[in-house]
Amino acid sequence: MDLERLNKRIAEVEAEVASSLPDVTTADALRTLDTAVLGKKGSLGSLLGNIRDYPGDQRGQVGQLVNKAKARIKATLDARLAELQSADIAAEQSQAESYDPTLPGIPKPMGSVHPVTAVQWDVERLFERLGFTVEAGPEMESEHNNFEALNIPATHPARDMQDTFFLVNKMVLRTHTSPVQHRSMKKFGAPLRVIAPGRCFRYETLDASHENTFHQIEGLMIDENISLPNLIALSQMLLREVMQRDVKLRVRPGYFPFVEPGIEIDMNCEICGGSGCPTCKNSGWVEILPAGMVHPKVLAAGNIDTEKYTGFAFGLGLTRLAMMKYGIRDIRVLNSGDLRPIVSPMRLGGPIIAGEGLS
Ligand code: PHE
């Protein structure tokens, strides 16, 4: 190739680069073009490979021509690269500008506390102020703790009062929270103030007021000179705390083998206001707080000195109280996964439950 043809070839290559540049829109494509032109085997780079074909006195000139062309093309490619990079930054910027941080967020449904939990917290808050500790007992309980320790021997007709889910190995699903009375007496001795909220289970046919799974809060206070008026006064405080106003109560005798005397504390039905409805079985009253003075046999089974101490116990129908507070007519709603929120102030931090859990 003579010098004239070499010059022509260089001009051709530069023209090709110039015409293909507008189609190069990414840095990668630009690198490919760079190698295709300037690389050793590239359209320009390869021209240097033939330098030995030129007479010795022309070789310097050939080298200069090709290297200068190389530098020009390199500069063109670099300029294009800078162009592409600044376009990328501009695109990113305009994307960032299209984001408006003042737009309202996408609303998420709010979680809320189950009505039974909300009332449980109300009760816990009151009793913690009164110096009670909150205990938890296991839902799977021994027959002994659920019955015998509470003065209900196997042959006692009172066993029929509570339809029981019997498990293997003399265990049951606890039918009430009263076994925690026995557990707490053995654990702490007297004097004693505990409440024990928890789930209970009975083999019931479901209807608007019966569930096989429901919640109670057991209460137990043992000290010197405890008597029935203490219990009634406390019941009034309890219901006032939950309902946030004075509640009309009715006290009548009740029978439970683990208390003597036993009483039933009823509250005015909040669903119908006392005029009678299916929830209160048309009586205008709802059984909310079975209670009584702890039977000496139960104290003795818990190693409490019956000469020195007396105590009262109650088994608050937590599920029923939650229904009264929130006007829930059908108990089955509570275990149904209905997520409608209740309107109630929530206590920060949740409940404080000490004790042995489900072990
Ligand atoms: N455990 C009883 C029940 O569930 C209620 C109760 C508790 C009664 C404490 C008296 C004292 O039926």
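The values are calculated or read from the model by the stated rules, or taken from the named source; none is laboratory data. From a predicted model like this one, the values you see are computed outputs, not experimental measurements. Please note: Cβ atoms are built from the backbone with ideal geometry, for glycine as well, and neighbour counts cover all protein chains shown. Quick note on the areas: whole protein, heavy atoms, side chains included, nothing else; ligands and nucleic acids left out. Shrake-Rupley method; radii C 1.70, N 1.55, O 1.52, S 1.80 Å.
Got at least one residue in region 146-159 being more than 29 Å from the chain's Cα centre (by Cα), at pLDDT below 95, open to solvent by less than 100 Å² (accessible area, probe 1.4 Å) and within 30 Å of Asp338 (Cα to Cα)? Checked region 146-159: no residue is more than 29 Å from the chain's Cα centre (by Cα), at pLDDT below 95, open to solvent by less than 100 Å² (accessible area, probe 1.4 Å) and within 30 Å of Asp338 (Cα to Cα). Considered as a group, the residues in region 278-291 that are without any contact (Cβ under 8 Å) to a residue 60 or more places away in the chain and closer than 18 Å to Ser235 by Cα include one that is nearest to the ligand (Cβ to nearest atom), and that residue is Pro290. Checked against the criterion of being in contact (Cβ under 8 Å) with a residue 24 or more places away in the chain and surrounded by fewer than 14 Cβ atoms within 10 Å (Cβ to Cβ), region 80-92 has at least one qualifying residue. Looking for something open to solvent by less than 50 Å² (accessible area, probe 1.4 Å), modelled with pLDDT of 95 or more and either part of a loop (DSSP other than H, G, I, E, B) or touching a His at 6+ places or on another chain (Cβ under 8 Å) (or both) - is there at least one such residue anywhere in region 338-359? No: zero hits.
Residues satisfying the criterion are absent from region 163-172 (criterion: buried (at least 23 other Cβ atoms within 10 Å of the Cβ) and in contact (Cβ under 8 Å) with a residue 24 or more places away in the chain). Only residues that are under 22 Å from Met243 (Cβ atoms) and buried (at least 24 other Cβ atoms within 10 Å of the Cβ) were counted across region 289-311, and they come to 2. Within region 96-119, is even one residue assigned to a helix (DSSP H, G or I), modelled with pLDDT under 85 and open to solvent by 70 Å² or more (accessible area, probe 1.4 Å)? Within region 96-119, one or more residues are assigned to a helix (DSSP H, G or I), modelled with pLDDT under 85 and open to solvent by 70 Å² or more (accessible area, probe 1.4 Å).
For region 189-229, which positions are surrounded by 17 or more Cβ atoms within 10 Å (Cβ to Cβ), under 20 Å from Ala291 (Cα atoms) and charged (D, E, K, R)? Matches in region 189-229: Arg193, Arg202, Glu218.
Any residue at all in region 12-30 that's of a type in the set (Val, Ile, Thr), under 60 Å from the mean Cα position of the chain (by Cα) and over 20 Å from Ser86 (Cα atoms)? No, that holds for no residue. If you go through region 223-254 and keep only what is assigned to a loop (DSSP other than H, G, I, E, B) and touching a strand residue (DSSP E or B) at 6+ places or on another chain (Cβ under 6 Å), you end up with Ile226, Val247, Lys248, Gly254.
Annotation note: Cβ proximity below 7 Å between a residue of region 292-309 that is away from the ligand (no atom under 16 Å from the Cβ) and a residue that is part of a loop (DSSP other than H, G, I, E, B) and of a type in the set (Val, Ile, Thr) (sequence gap 6+ or interchain) occurs for Ala300/Thr306. Whether a residue is in contact (Cβ under 8 Å) with a residue 60 or more places away in the chain and either assigned by TED's automatic domain parsing to the domain that holds Ile288 or more than 12 Å from the ligand (Cβ to nearest atom) (or both) was assessed, and Ile106 does not pass this test.
One line per residue, one yes/no per condition, for (1) crowded, with 16+ Cβ neighbours inside 10 Å; (2) in contact (Cβ under 8 Å) with a residue 40 or more places away in the chain; (3) assigned to a helix (DSSP H, G or I):
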| site | (1), (2), (3) |
| --- | --- |
| Ala18 | no, yes, yes |
| Ala29 | no, no, yes |
| Ser43 | yes, no, no |
| Arg52 | no, no, yes |
| Asp57 | no, no, yes |
| Gly60 | no, no, yes |
| Lys68 | no, no, yes |
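The one condition from (1) in a loop (DSSP other than H, G, I, E, B); (2) more than 14 Å from the ligand (Cβ to nearest atom) that Pro257 does not meet is (2).
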